[in-house]
Amino acid sequence: MFVSERSNLQSDERPVNPEAERIAQLLAQAPLFNGLAQDEVARFARGVREQKVDKGSALFHKGDACHGFHLILTGQVKLAFISADGHEKVVEIIRAGQTFGEAVMFMDKPYVVMAQALTDCTLLHISKQVVFEEMVRDPLFCRKIIAGLAQRLHHLIADVETYSLRSGRERIIGYLLREDEMDGEGTPCGAVSVRLPTSKGTIASRLNLTQEHFSRILHELIDSGLITVEGRTIHIPDICRLRRSLS
């Protein structure tokens, strides 16, 4: 009898899939999946594949079919439009912990932008089938998805306001202040150094400026004593003074 019960226990045990466990652990680190139980996160693992992308490689092009959305684990990705004459307009720079592609996935339409790795990247691609299944199952996850899309729309509206109402100087100073906030909680006062996450040309495009205009404004800020530049590192002697310059 003892042997029989032991056999039954062994037959009920489910084999552990190390790869699925690893993917679930990676997913659990993302804000989108915070608050979900371990078994709920594990259900997503079956619809996830890991991607390692070299710097400069394209993840997708405008017009490609969308089969899910991406979560960046390490690295940075730019989303951009490419004009017929080859000019590029950077729409967004996505960083570790952030996702992209959800809106296109829900519309069931091709991508309207291209995505290119700004650095060597590790990403997770979450298939739309498993997302749709979990949205039916879990209203909390639905709310998180909607909140993420609403936040992205809010940022888009803020971008339009910035491009329409603020000067190039104000855009660059605002960008430097936001970078300081992203590095921590924002420096109250005093000296701070901000490391630009990518090339000045890419940041200029993101701020809807030409590279020449971007460089000219940096030189004006240097001449004013508000910043010094060392490669991609911007040193700000007094961040309070920089904030006041926006007034």
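The values are calculated or read from the model by the stated rules, or taken from the named source; none is laboratory data. All values reported here derive from a predicted model rather than from experimental measurement. Cβ atoms come from the backbone with ideal geometry, glycine included; neighbour counts cover every protein chain shown. SASA here: full protein model, heavy atoms, side chains in, ligands and nucleic acids out. Shrake-Rupley method; radii C 1.70, N 1.55, O 1.52, S 1.80 Å.
Residue-level check: of (1) exposed (fewer than 15 other Cβ atoms within 10 Å of the Cβ); (2) part of a helix (DSSP H, G or I); (3) modelled with pLDDT of 90 or more, Arg171 misses just (1). Does Val112 count as under 16 Å from His61 (Cβ atoms), open to solvent by 60 Å² or more (accessible area, probe 1.4 Å) and out of contact with any His (no Cβ under 9 Å at 6 or more places or on another chain)? Yes, satisfied. Filtering region 198-246 to residues that are hydroxyl-bearing (Ser, Thr, Tyr), open to solvent by 20 Å² or more (accessible area, probe 1.4 Å) and within 26 Å of the chain's Cα centre (by Cα) leaves Ser199, Thr210, Ser215, Thr233.
Against the list (1) of a type outside the set (Phe, Trp, Tyr); (2) open to solvent by 40 Å² or more (accessible area, probe 1.4 Å); (3) in contact with a helix residue (DSSP H, G or I) (Cβ under 9 Å, 6 or more places away or on another chain); (4) part of a helix (DSSP H, G or I), the condition Leu156 fails is (3). Among the residues of region 53-83, those that are open to solvent by 50 Å² or more (accessible area, probe 1.4 Å), over 16 Å from the mean Cα position of the chain (by Cα) and within 27 Å of Glu179 (Cα to Cα) comprise Asp54, Phe81, Ile82. Among the residues of region 200-224, those identified as among the polar types (S, T, N, Q) and not in a helix (DSSP H, G or I) are Asn208, Thr210, Ser224. Summed over region 112-134, residues that are modelled with pLDDT of 90 or more and not in a strand (DSSP E or B) total 11.
Screening the candidates Cys142, Cys189 for the property of being open to solvent by 60 Å² or more (accessible area, probe 1.4 Å), of a type in the set (A, V, I, L, M, F, W, C), at negative phi and touching a helix residue (DSSP H, G or I) at 6+ places or on another chain (Cβ under 6 Å) yields one hit, Cys189. Answer yes or no: is there a residue in region 135-156 that is within 30 Å of Leu36 (Cα to Cα) and among the aromatic types (Phe, Trp, Tyr). Yes. One residue alone among Gly86, Gly97 is of a type in the set (Gly, Ala, Ser), within 23 Å of Asp54 (Cα to Cα), surrounded by fewer than 17 Cβ atoms within 10 Å (Cβ to Cβ) and touching a residue at least 12 places away in the same chain (Cβ under 8 Å), and that residue is Gly97. With respect to the conditions (1) open to solvent by 30 Å² or more (accessible area, probe 1.4 Å); (2) closer than 22 Å to Leu27 by Cβ; (3) not in a helix (DSSP H, G or I), Gln151 falls short on a single one, namely (3). Name every residue in region 63-120 that is of a type in the set (Val, Ile, Thr) and out of contact with any Gly (no Cβ under 6 Å at 6 or more places or on another chain), in order of residue number. Selection gives Ile72, Thr74, Val77, Ile82, Val90, Val91, Ile93, Ile94, Thr99, Val104, Val112, Val113.
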